[in-house]
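Reviewing the structure listed below.
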Amino acid sequence: MKSCLVLIDAQESFRHRPYFTERDYPAWLAAQNALIEACTRSGVPIVRVFHVDGPKTAQNSFALESGHVRPIEGLAPFEAAATFHKSRHSALVGTGLDVWLTQNGIGRVIISGIRTEQCCETTARHASDLGFQVDYVTDATLTFDMKHEDGTPLSAADIKSRTATVLKDRFARICTVAQAVDRLATPA
């Protein structure tokens, strides 16, 4: 089965948000780059998805006018098979990505990028509902601490664990970078 890496929102925009922290960034970047490099070596197409929305001003880091809708600092360079801009959580809403995947004979999508519980998780669920096999590479997704309704902290690690739990075996195969790379060599 033909695979494709869908790299979601790995963009400089996040580094300009108040919640961004460097704490988990180096580990995520190493995992993300390892996945990019393995896909490149294996001839697996990589699709780049950028999130673009909000006011079209230089002050909005998710607007093209800001100059921040570009690959995040440190990301391994690669030749994207296609690039899509999205304005919703799912990379499959209104972008044409689903059409591109179908036209290119893709049956399995490998999901990675930023944010674990938002655009990555939503895209994984949507892809599964459309009939794609989904490999969700948790260590190649990045998120940030949040707060519960009562103000108590919710750690990024807990968010990643929760996301893996709710996706596992219902919407996606949860895997590490190494497992995703091994699966590239294994037919479905």
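Just so you know, all these numbers are worked out from the coordinates, no wet-lab data involved. For clarity, every value in this text was computed on a predicted model and none was experimentally measured. Note that each Cβ is placed from the backbone with ideal geometry, even for glycine, and that neighbours are counted across all protein chains shown.
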- Task: For each of Asp9, Asp139, Asp150, Asp53, count neighbouring Cβ atoms within 10 Å of the residue's Cβ, then give the residues from fewest to most.
- Result: Asp150, Asp53, Asp139, Asp9
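Greater than 25 Å separation of Cα atoms is the criterion. Which listed pairs, Lys2/Lys168; Lys56/Lys147; Lys56/Lys160, meet it? Before the final figure, lay out the partial values.
Numbers: Lys2/Lys168 21 Å; Lys56/Lys147 29 Å; Lys56/Lys160 31 Å.
The pairs that break the limit, which is 25 Å between Cα atoms, are Lys56/Lys147; Lys56/Lys160.
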- Item | Added length on full extension, which subtracts the Cα-Cα distance from 0.36 nm per residue, Thr57 to Met1 | 15.9 nm
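Report the full-extension gain for the segment Asp150 to Asp24: residue separation times 0.36 nm, less the Cα-Cα distance, to one decimal in nm. Spell out each step's value before the answer.
Numbers: separation 126, 0.36 × 126 = 45.36 nm, distance 2.47 nm.
Additional length available on full extension: 42.9 nm.
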- Message: Testing the spin-label approximation: label points 7 Å from Cα along Cα→Cβ at Arg162 and Leu64. State their distance in nm.
- Response: 3.5
- Query: Taking amide H positions as placed 1.01 Å from N in the peptide plane, with prolines and chain starts having none, which residues 5 or more places from Gln11, or on another chain, fall under 5 Å of its amide H?
  - Reply: Ile72
- Item | Likely footprinting exposure, His51, His85, His148, His68, fewest C-beta neighbours within 10 Å first | His148, His85, His68, His51
- According to a simple spin-label model (label point 7 Å from Cα along Cα-to-Cβ), what is the distance in nm between Arg88 and Trp100? 1.6
- Query: Under a plain spin-label model, where a point goes 7 Å from the Cα along Cα-to-Cβ, how far apart in nm are Arg17 and Ala76?
  - Reply: 2.5
- Counting only residues 5 or more places away or on other chains, whose amide H sits under 5 Å from the amide H of Gly113 once H atoms are built in the peptide plane? Ile8, Thr141, Leu142
- Query: Which entry in (1) 16.8, 60; (2) 15.7, 47; (3) 15.1, 41 matches Rg and Dmax of the Cα atoms in Å derived from the coordinates of this structure?
  - Reply: (2)
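Relative contact order for the chain: what percent, with Cα pairs under 8 Å and sequence separation of 6 or more? Walk me through the numbers on the way to the answer.
Numbers: 346 pairs, mean separation 46.4, N = 188.
After rounding, I find 25 percent.
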